[in-house]
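The values are calculated or read from the model by the stated rules, or taken from the named source; none is laboratory data. Everything numeric here is computed off the predicted structure, so don't read it as measured data. Don't worry about glycine lacking a Cβ; one is built from the backbone with ideal geometry, like all the others, and counts go over all protein chains shown. Accessible surface areas use protein heavy atoms only, side chains included; no ligands, DNA or RNA. Shrake-Rupley method; radii C 1.70, N 1.55, O 1.52, S 1.80 Å.
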Amino acid sequence: MVKKSLFLSLLLSIALTLSAAENPVVEMQLLNTINYTPATEQWSQTMAPAMSLSISSGRSGNVQGEVVLKTPNVNLLTTAPAPAIYDDILHKAYFKARFPSFRLTAGKTRLSWGDGMLFNAGDVLYGSNDTSVTLTQAELRSETGLLVSLNYPLGFFSFAEVTVLPSPDNQIEHMGGGARIYTTVQDTKVEAGYLTSYESERLHKPYISLQGNIGPDWYLSSSVAIPQRGDIGEETLDSLVITGGLYHIQYLKNLSLRLEFLTRPAGNWKAESQSDDDCPLLLYQELVYTPSSSLSWSLRTIISVMDLSLNATLGVNWAVLEGFSLLGFLSSPFGEENDLFSWKGKVPSPYGPTDARIALTLGASWIF
């Protein structure tokens, strides 16, 4: 009954916002997927409709805001409690106010700390150090959260930022917060910061991130999570994460290439029994070929170097008409038993380990 009420509330919210908003943006998707599970030799088929509604204020003025509503993931509807479903529906709801000497951001949104599309050790707010992502999504990392942030400009390319996070369990001693400084040194962007948050225990997370250009854009980040009790030295070393990458666009050949890496120096450097939380070396590559303005091909691959397993997705996007596109994806893991991306075992996913599948997805997307 609670979940049905959530859907009714969602439909009512959509109706009200559509009638009140001047320029809402609606994205609708209908994807049909055929799966084959090697472990059980079973075939299955799913059809998943999805929709998002974005309402934003005008770009002029000193106060701006945005609300984004999304249909919840099908997996959440069958396994998650009502608050988690509601949190998934209300993807963003925030405002930004520009004062003479500082800027205020408050609500549910996402702050971009550090650099990296898939792997980003500087993202101490949400965590971008795992492979539990869906490679068919346009945005690999999209988690949002409640926060209040003050941004104070220090120069043309420099600022200081202070962020306060609410308590995850309504206990005031479990509130979180942090700060960062963003500046440039010659042609290199330098970003450093610190976050303290409560995640079953109090953690302190300093980080540093660098970005520059050597032809391709390059970026490098590092962070640790320091506990307040226990074996602080060993746990801090175990939490050390270093990420980096290169991004380059070859305009004459209509190609873009992104290469990223993640390493945990204190991770499991044995070839067997790799897991998502202690895998010592991961690579991510993304190749996008755009032969015309209406057609693009993409290949995304996550590679576990120690066991030589990988997860790959080949995709195509054909913009047939204005705002209307046909989509296609072919995804599969490649690895032996006990590998991170096992062919017949469990593989990481945003909703916990799932059976490895070969998936062919065909569908359409419409933005209006």
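Would the range 325-341 turn up any residue that is under 21 Å from the mean Cα position of the chain (by Cα) and outside any strand (DSSP E or B)?
yes
Hey, can you tell me all the residues within the range 258-292 that are among the small types (Gly, Ala, Ser) and either within 14 Å of Asp339 (Cβ to Cβ) or under 24 Å from the mean Cα position of the chain (by Cα) (or both)?
Gly267, Ala271, Ser273, Ser275
Cβ-Cβ below 6 Å, separation at least six or inter-chain, first residue in the range 307-318 and under 18 Å from Gln137 (Cβ atoms), second acidic (Asp, Glu) and open to solvent by less than 20 Å² (accessible area, probe 1.4 Å): which pairs?
none
Kindly establish whether Val67 is aliphatic (A, V, I, L, M) and open to solvent by 40 Å² or more (accessible area, probe 1.4 Å).
For Val67, the condition - aliphatic (A, V, I, L, M) and open to solvent by 40 Å² or more (accessible area, probe 1.4 Å) - is met.
Restricting the range 136-172 to residues that are modelled with pLDDT under 95 and of a type in the set (Asp, Glu), which is surrounded by the most Cβ atoms within 10 Å (Cβ to Cβ)?
That would be Glu143.
Applying the selection to the range 195-205, what residues are open to solvent by less than 60 Å² (accessible area, probe 1.4 Å) and outside any strand (DSSP E or B)?
Glu201
Among the residues of the range 353-368, which ones are part of a loop (DSSP other than H, G, I, E, B) and open to solvent by 30 Å² or more (accessible area, probe 1.4 Å)?
Listed by number, the residues that qualify are Pro353, Arg357, Phe368.
Take the range 317-332 and flag every residue that is among the aliphatic types (A, V, I, L, M) and buried (at least 17 other Cβ atoms within 10 Å of the Cβ).
Leu327
Looking at the range 214-221, is at least one residue closer than 20 Å to Thr144 by Cβ, crowded, with 19+ Cβ neighbours inside 10 Å, touching a Phe, Trp or Tyr at 6+ places or on another chain (Cβ under 7 Å) and of a type in the set (Gly, Ala, Ser)?
no
Tally the residues that are touching a residue at least 12 places away in the same chain (Cβ under 8 Å) and assigned to a loop (DSSP other than H, G, I, E, B), restricting the search to the range 140-168.
9
Yes/no per residue for (1) open to solvent by 50 Å² or more (accessible area, probe 1.4 Å); (2) in contact with a strand residue (DSSP E or B) (Cβ under 7 Å, 6 or more places away or on another chain); (3) modelled with pLDDT of 90 or more:
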| residue | (1), (2), (3) |
| --- | --- |
| Leu31 | no, yes, yes |
| Met47 | yes, yes, yes |
| Val74 | yes, yes, no |
| Tyr94 | no, yes, yes |
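Going residue by residue through the range 130-139, is there one that turns out to be in contact with a Leu (Cβ under 8 Å, 6 or more places away or on another chain) and either free of Cβ contacts under 8 Å to residues at least 40 places away in the same chain or not in a loop (DSSP other than H, G, I, E, B) (or both)?
Among the residues of the range 130-139, not one is in contact with a Leu (Cβ under 8 Å, 6 or more places away or on another chain) and either free of Cβ contacts under 8 Å to residues at least 40 places away in the same chain or not in a loop (DSSP other than H, G, I, E, B) (or both), which makes the answer no.
All but one of (1) surrounded by 13 or more Cβ atoms within 10 Å (Cβ to Cβ); (2) in a loop (DSSP other than H, G, I, E, B) hold for Thr105, so report the exception by its number.
(2)
For residues in the range 278-316 being open to solvent by 40 Å² or more (accessible area, probe 1.4 Å) and either of a type in the set (Asp, Glu) or in contact with a Lys or Arg (Cβ under 9 Å, 6 or more places away or on another chain) (or both), which is nearest to Tyr247 (Cα to Cα)?
Leu287
So in the range 258-277, with the set limited to residues that are in contact (Cβ under 8 Å) with a residue 40 or more places away in the chain and surrounded by fewer than 15 Cβ atoms within 10 Å (Cβ to Cβ), which one is nearest to Leu310 (Cα to Cα)?
By that ranking, first place goes to Ser275.
Would you pick out the residues in the range 96-135 that are modelled with pLDDT under 95 and on the phi > 0 side of the Ramachandran plot?
The one that is modelled with pLDDT under 95 and on the phi > 0 side of the Ramachandran plot: Gly127.
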